[in-house]
Amino acid sequence: MAFIALSDLVYLVCLISLQFTAAKPDGCGIRANTQTRIVGGEISYPGKWPWMAAFYRSNSNQYCAGALISDRHVLTAAHCVAAIQPSKLQIRLGEFDLSGRLPVPLPENNNNSARALLEENSAFQNNIYNVEKITVHQQYEPRSHLHDIAIVRLNRPVEFSTVIQRICLPPPSLPSLEDRTAFVAGWGTTAFLGSTSSSLREVEVPIWNNQACLEAIGKNVFDTTLCAGGRIKSADACQGDSGGPLMMPMVDDRWAAIGVVSWGIRCGEPTKPGLYTRTSHYTDWILSTVQQRT
Ligand code: 4AZ
């Protein structure tokens, strides 16, 4: 498909999703701040990935992630929420450092804006959301990771800000994207069985051909799977990053969630990519789930 047509479709999906987000003029996939658990990446910056959501279970530590896709809905992995009651789940939006620290080092000449962003982002701003409803894909198969996708409806609408925005969905007919690169971000471990990161980290990951991925992983690579990871340099998602988005800039540099962190064989091994749920396969399912009023 030509990229022009693809671009139109991205807009279309953005516009469709605008219908149920009270038609905010800001739109999806735009980050206000362009200043420049994750293996092989670097620490991000407040406001750089403003749709990132941190998932907490019963007052314990952050254990999964998600991406804000409307003013009320967060896209995540089924395995993050399939076995949990909505009342036991809490979601924090607009976070950079989960312990409230500023980025280190502070970008030059930008201390004030970093501080302002962080103040907007902290707990006194009421950025903790309870969950009204969890919709796990009806055909999710935990053993094979097939259809590892879910949508969480928040208990109240989100107010968008410089550090809270929603990400676009990809058009349903997105081409394979192999050999292009995407970004993944998260607060997960920086090595297999390593420790988590209190600051949001990000890493750029090349997208694999699905057949090469199947050969590398051995099984459970479906048309609905997207594989990505560093082939030369270690670059991957890891434990705690699950549910977070795989992100790619599309038309007008609007970011779309082309994947959802799903699983992998350990982390960061150049011969073993990370596995993602291929979001474009589920665009219609996502839109119809988000449109349900209850
Ligand atoms: C996990 O356990 C996990 N290397 C997520 C991603 C990957 C491995 C494990 C991919 O959440």
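The values are calculated or read from the model by the stated rules, or taken from the named source; none is laboratory data. Please read all numbers here as calculations on a predicted model, not as lab measurements. Every residue, glycine as well, gets a Cβ built from its backbone with ideal geometry; the counts of neighbours run over all protein chains shown.
Scanning segment 137-157 for residues that are surrounded by 22 or more Cβ atoms within 10 Å (Cβ to Cβ) and among the hydrophobic types (A, V, I, L, M, F, W, C) yields 149, 150, 151, 152. Among residues that are under 18 Å from the mean Cα position of the chain (by Cα), among the charged types (D, E, K, R), away from the ligand (no atom under 11 Å from the Cβ) and at pLDDT 95 or above, residue 215 is not included.
Residue-by-condition table, conditions (1) more than 16 Å from residue 167 (Cβ to Cβ); (2) away from the ligand (no atom under 11 Å from the Cβ); (3) at pLDDT 95 or above:
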position	(1), (2), (3)
249	no, yes, yes
253	no, yes, no
258	no, yes, yes
263	yes, no, yes
279	no, yes, yes
282	no, yes, yes
285	yes, yes, yes
288	yes, yes, yes
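Restricting attention to segment 164-190, the residues that are out of contact with any Asp or Glu (no Cβ under 9 Å at 6 or more places or on another chain), assigned to a loop (DSSP other than H, G, I, E, B) and either under 21 Å from residue 251 (Cα atoms) or at pLDDT below 95 (or both) add up to 11. Scanning segment 220-232 for residues that are more than 11 Å from residue 275 (Cβ to Cβ) and away from the ligand (no atom under 13 Å from the Cβ) yields 223, 231, 232. From the list 242, 195, the lone residue that is within 10 Å of the ligand (Cβ to nearest atom), at negative phi, out of contact with any Lys or Arg (no Cβ under 8 Å at 6 or more places or on another chain) and not in a strand (DSSP E or B) is 242. Of the residues making up segment 51-93, those that are part of a loop (DSSP other than H, G, I, E, B) and more than 10 Å from the chain's Cα centre (by Cα) are 58, 59, 60, 61, 70, 71, 72, 82, 83, 84, 85.
Scan 182, 235 and give me the residue that is within 15 Å of the ligand (Cβ to nearest atom), under 15 Å from the mean Cα position of the chain (by Cα) and crowded, with 21+ Cβ neighbours inside 10 Å.
When all the criteria are applied, what remains is 182.
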